[in-house]
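One structure is given below, encoded as structure tokens.
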Amino acid sequence: VDYEKVYCADLMTSQDIFDMRGVDRDRGCVVILRPDQYVAHILPLDAHAELAAFFAGVLLPGDQARTPA
């Protein structure tokens, strides 16, 4: 596995990751990765509500977060 090409098109196999994932080359995107490197979500940079909704399903609000003992 060539991890150096994670952010670029694979020109040797003619598979363009931007086209495959529907990412606008000029505008970019936000990629949400889980700790195991699974791509959990791909969003446009201006998708603030969708990003907040995604994390609302897995994170506690700041007033409910526990402090370490």
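Remarks
- Between Arg21 and Leu60, the FRET efficiency estimated from the beta carbon spacing at R0 = 30 angstrom works out to 0.50.
- Cβ-derived FRET efficiency at R0 30 Å, Met12 paired with Asp36, nearest 0.05: 0.65
Each reported figure results from applying straightforward, stated rules to the coordinates on display, with no laboratory input. Note that the structure is predicted; figures quoted are calculated from it, not measured. Glycine gets a Cβ as well: all are built from the backbone with ideal geometry, and neighbour counts include every protein chain shown.
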